[in-house]
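Chemist: What follows is a structure written as structure tokens; I'll ask about it next.
The values are calculated or read from the model by the stated rules, or taken from the named source; none is laboratory data. As the structure is a prediction and not an experimental result, all values here were calculated from the model. Here the Cβ positions follow ideal geometry from the backbone for every residue, glycine too, while neighbour counts run over all protein chains shown.
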């Protein structure tokens, strides 16, 4: 699995720095970097939306590496 | 205002009470307790033998879902009876926690049951109380299920404002809602990030003004319209607003 973060500007009032998350070239989600308007969370990354199994995550990621780890775990085959 | 007056004032937003009813309510034994912010008044799984009345502060009912995520399912103020159902349902299927420091009083189920067997009017009022509770839950389901983030938060503000105004717990135009963005998110099914963005837009649009986690109504009519809010589901008597 190849996870790629592609820079993109977001249509937000403040949180305009974004990344398209591509997994093997397919759009899997959109990350936004939180602006100063978010106080203590400023600079962290937030999953605005995710597709398929990546549907919902209210976690803020410290940096893009943390986001990458989360995506890797989320798409890992179920070990049940 | 005595602790009994708070309960009586709340019940009078549902229906009128005569002197005999009030005297009977004043004879209920109240065991008073104080709770720090974030402490449970009653927890899921408890089997209470008392019902509680909020005397001061704000409390919320909640459920925890998988992964420890919390959904706040209702908000409660002075005079409210947030675990009235425990009178008939043995086991708490949700918890009740203090959003702010809370003072509450606990009334033994036996005493409440004895009172409603003696007094039909109070019995009817408590049944109406439980039915109105259900109406509020219906409204919250519609709110969380089908409204936008902006509308949801505006709706919670409108409800809190109208309920607190009716209980004369807040001044005209002033909304004391000491909820953090995470708590507002738990009440509206939104992430703190979304709550923060919505609050900023609401301030920019002139609907509310905020100081930290305390918000005030800046323009009631616009807030009401943004939320598509009507107070009919609260079934309140003696409405002073709207």
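Chemist: Is it true that residue B:151 is farther than 18 Å from residue B:60 by Cα, free of Cβ contacts under 8 Å to residues at least 24 places away in the same chain, surrounded by fewer than 22 Cβ atoms within 10 Å (Cβ to Cβ) and more than 14 Å from chain A (Cβ to nearest Cβ)? Don't jump to the end; show me each part of the working.
Modeler: On the way: farther than 18 Å from residue B:60 by Cα: yes; free of Cβ contacts under 8 Å to residues at least 24 places away in the same chain: no; surrounded by fewer than 22 Cβ atoms within 10 Å (Cβ to Cβ): yes; more than 14 Å from chain A (Cβ to nearest Cβ): yes.
Taking the combined requirement at face value, the residue does not satisfy it.
Chemist: Just name the residue that is farthest from residue A:13 (Cα to Cα) out of those in the stretch A:33-66 that are in a helix (DSSP H, G or I), touching a strand residue (DSSP E or B) at 6+ places or on another chain (Cβ under 9 Å) and away from every other protein chain (no Cβ under 12 Å). Please lay out each step first, then the result.
Modeler: Step one: filter the stretch A:33-66 for residues in a helix (DSSP H, G or I), giving A:36-41, A:52-54, A:64-66.
Filter once more, so that each one left must be touching a strand residue (DSSP E or B) at 6+ places or on another chain (Cβ under 9 Å): A:38, A:41, A:52, A:54, A:64, A:66.
Next, only the ones that are away from every other protein chain (no Cβ under 12 Å) stay: A:52, A:54, A:64, A:66.
Numbers: A:52: 27, A:54: 25, A:64: 22, A:66: 25 Å.
Among those that are in a helix (DSSP H, G or I), touching a strand residue (DSSP E or B) at 6+ places or on another chain (Cβ under 9 Å) and away from every other protein chain (no Cβ under 12 Å), it is A:52.
Chemist: Residue B:190 - would you say it is within 14 Å of another protein chain (Cβ to nearest Cβ), in a loop (DSSP other than H, G, I, E, B) and touching a helix residue (DSSP H, G or I) at 6+ places or on another chain (Cβ under 7 Å)? First the steps, then the outcome.
Modeler: Working: within 14 Å of another protein chain (Cβ to nearest Cβ): yes; in a loop (DSSP other than H, G, I, E, B): yes; touching a helix residue (DSSP H, G or I) at 6+ places or on another chain (Cβ under 7 Å): yes.
It is true that residue B:190 is within 14 Å of another protein chain (Cβ to nearest Cβ), in a loop (DSSP other than H, G, I, E, B) and touching a helix residue (DSSP H, G or I) at 6+ places or on another chain (Cβ under 7 Å).
Chemist: Any idea which residue in the stretch A:68-80 is surrounded by the most Cβ atoms within 10 Å (Cβ to Cβ), counting only those that are away from every other protein chain (no Cβ under 14 Å) and assigned to a helix (DSSP H, G or I)? Step through it out loud before you land on a result.
Modeler: Step one: filter the stretch A:68-80 for residues away from every other protein chain (no Cβ under 14 Å), giving A:68-69, A:71-72, A:75-80.
In the following step, the residues that additionally are assigned to a helix (DSSP H, G or I) were identified as A:68-69, A:71-72, A:75.
Numbers: A:68: 15, A:69: 12, A:71: 23, A:72: 12, A:75: 15.
Applying the filter and picking the extreme gives A:71.
Chemist: While we're on this one: Inspect the stretch B:107-115 for any residue being surrounded by 17 or more Cβ atoms within 10 Å (Cβ to Cβ), touching a strand residue (DSSP E or B) at 6+ places or on another chain (Cβ under 6 Å) and not in a helix (DSSP H, G or I) and give the result as yes or no.
Modeler: Yes, the stretch B:107-115 contains at least one residue that is surrounded by 17 or more Cβ atoms within 10 Å (Cβ to Cβ), touching a strand residue (DSSP E or B) at 6+ places or on another chain (Cβ under 6 Å) and not in a helix (DSSP H, G or I).
Chemist: In the stretch B:193-202, which residue that is in contact with a strand residue (DSSP E or B) (Cβ under 7 Å, 6 or more places away or on another chain) and either in a strand (DSSP E or B) or within 11 Å of chain A (Cβ to nearest Cβ) (or both) is nearest to residue B:12 (Cα to Cα)? Steps first, please.
Modeler: Let us first name the residues in the stretch B:193-202 that are in contact with a strand residue (DSSP E or B) (Cβ under 7 Å, 6 or more places away or on another chain), namely B:193, B:199, B:202.
If we keep only those that are either in a strand (DSSP E or B) or within 11 Å of chain A (Cβ to nearest Cβ) (or both) as well, we get B:193, B:199.
Numbers: B:193: 39, B:199: 34 Å.
If we take residues in the stretch B:193-202 being in contact with a strand residue (DSSP E or B) (Cβ under 7 Å, 6 or more places away or on another chain) and either in a strand (DSSP E or B) or within 11 Å of chain A (Cβ to nearest Cβ) (or both), then B:199 is nearest to residue B:12 (Cα to Cα).
Chemist: Can you say whether residue A:4 is away from chain B (no Cβ under 14 Å) and assigned to a helix (DSSP H, G or I), as far as the supplied structure shows? Reasoning before the result, please.
Modeler: Numbers: away from chain B (no Cβ under 14 Å): yes; assigned to a helix (DSSP H, G or I): no.
Taking the combined requirement at face value, the residue does not satisfy it.
Chemist: Continuing with this model, one more query. Please go through the stretch A:11-32 and pick out each residue that is surrounded by 16 or more Cβ atoms within 10 Å (Cβ to Cβ), part of a strand (DSSP E or B) and either free of Cβ contacts under 8 Å to residues at least 24 places away in the same chain or within 11 Å of chain B (Cβ to nearest Cβ) (or both).
Modeler: A:17, A:30, A:32
Chemist: So, one more: Testing residue B:168 on (1) buried (at least 18 other Cβ atoms within 10 Å of the Cβ); (2) not assigned by TED's automatic domain parsing to the domain that holds residue B:101, one condition comes back false. Which one is that?
Modeler: Residue B:168 satisfies every listed condition except (1).
Chemist: Okay, moving on. Among the numbered conditions (1) surrounded by 12 or more Cβ atoms within 10 Å (Cβ to Cβ); (2) free of Cβ contacts under 8 Å to residues at least 40 places away in the same chain, tell me where residue A:52 comes up short.
Modeler: Unmet for residue A:52, out of (1) surrounded by 12 or more Cβ atoms within 10 Å (Cβ to Cβ); (2) free of Cβ contacts under 8 Å to residues at least 40 places away in the same chain: (1).
Chemist: Report, by residue number, each residue of the stretch B:204-232 that is within 11 Å of chain A (Cβ to nearest Cβ) and either buried (at least 21 other Cβ atoms within 10 Å of the Cβ) or more than 16 Å from residue A:39 (Cα to Cα) (or both).
Modeler: Let us first name the residues in the stretch B:204-232 that are within 11 Å of chain A (Cβ to nearest Cβ), namely B:204, B:212.
Passing the criteria: only B:204.
Chemist: State which residue is farthest from the other protein chains (Cβ to nearest Cβ) when the search covers only the stretch B:171-182 and only residues that are touching a strand residue (DSSP E or B) at 6+ places or on another chain (Cβ under 7 Å) and crowded, with 22+ Cβ neighbours inside 10 Å. Full working, then the answer.
Modeler: Our first condition is that a residue be touching a strand residue (DSSP E or B) at 6+ places or on another chain (Cβ under 7 Å); within the stretch B:171-182, this holds for B:173-178.
From the residues that got through so far, the ones that are crowded, with 22+ Cβ neighbours inside 10 Å too are B:175, B:177.
On the way: B:175: 22, B:177: 18 Å.
Going through the qualifying residues, I end up with B:175.
Chemist: Would you be able to tell me the number of residues in the stretch B:128-137 that are within 17 Å of residue B:53 (Cβ to Cβ) and in contact with a helix residue (DSSP H, G or I) (Cβ under 9 Å, 6 or more places away or on another chain)?
Modeler: Initially, the stretch B:128-137 is screened for residues within 17 Å of residue B:53 (Cβ to Cβ), giving B:128-130, B:132-133.
Next, from what is left, pick out any that are in contact with a helix residue (DSSP H, G or I) (Cβ under 9 Å, 6 or more places away or on another chain): B:129-130, B:132-133.
Number satisfying all stated conditions: 4.
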